[in-house]
Amino acid sequence: PTLLTAAVRAHYLGETAAKPPATPAAAQDVRDRLVQAVHERPVLELASLAPLVARAAENGDRVAQRLLSGAAKRLVTTLDSLSPGPEDILVTTGGLLGPGGVLLGPLKRRLAPRGLHPVPVPDGLAGAVALARKALVRTG
């Protein structure tokens, strides 16, 4: 049981007053229905759960906190493949990593020991244009 349990059941199953399942069989039924409901919807819809996870984490839910920490860890692993140095600028954007994004805090904590500091921006368009210009200059 976690603060996320009722929120996820409400989101996917429409259960507004979700009580914990009374028996192992009932718990398995809920899991089966959740798995089916998740698979019936577009994968991108999972992102709509991010605010629920953030809210639960802010309210001390350890499962939600571990989810955010794990996501930040995976982002850092991906970033490590680029071998950034402290002199590099790490611009982040989007609903999770832009200003006020729920993953920004966990990401900052994981990057601080490396001397990296994310710079959140509300829109990545200016950065994309700057990179395109730089590439154009290099290639002529």
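General observations
- Dividing the mean sequence gap of close Cα pairs (under 8 Å, 6+ apart) by how many residues region 4-87 holds gives a relative contact order of 21 percent.
- Of all accessible heavy-atom area on the chain, the percent that carbon and sulfur account for (1.4 Å): 62 percent
- Mean ellipticity per residue at 222 nm, deg cm²/dmol - from DSSP H runs of n ≥ 4 across the chain, formula -39500 (n - 2.57): -18000 deg cm²/dmol
- For the peptides 115-122, 52-59, the ranking by packing is 52-59, 115-122, with the highest mean count of neighbouring Cβ atoms within 10 Å listed first.
- Over the chain, relative contact order from alpha-carbon pairs under 8 Å, at least 6 apart, %: 18 percent
- The phi torsions of region 46-58, fed into the Karplus equation with coefficients 6.51, -1.76 and 1.60 and a -60° offset, translate into couplings of 4, 4, 5, 7, 3, x, 5, 5, 4, 4, 5, 5, 4 Hz, rounded to whole numbers, with Gly and Pro shown as x.
- Residue of Ser81, Ser69, Ser48 that the Gaussian network model of the chain assigns the largest fluctuation, springs spanning Cα pairs under 10 Å: Ser81
- Derived scalar couplings ³J(HN,Hα) [region 5-15; Karplus, 6.51 cos²θ - 1.76 cosθ + 1.60; whole Hz; x for Gly, Pro]: 3, 5, 5, 5, 5, 5, 5, 8, 10, x, 8
- Rounded tilt (10° steps) of 125-139 against the dominant C-alpha axis of the chain: 40 degrees
- Prolate/oblate/rounded call for region 1-42, Cα gyration tensor, a/c under 1.5 rounded: oblate
- For the chain, the solvent-accessible area works out to 69 Å² per residue, with a probe of 1.4 Å and every protein chain left in place.
The values are calculated or read from the model by the stated rules, or taken from the named source; none is laboratory data. Only a predicted model underlies this, so the values are computations on that prediction, with no experimental measurement involved. Glycine gets a Cβ as well: all are built from the backbone with ideal geometry, and neighbour counts include every protein chain shown. For accessibility, only protein heavy atoms count, side chains too; no ligands or nucleic acids. Shrake-Rupley method; radii C 1.70, N 1.55, O 1.52, S 1.80 Å.
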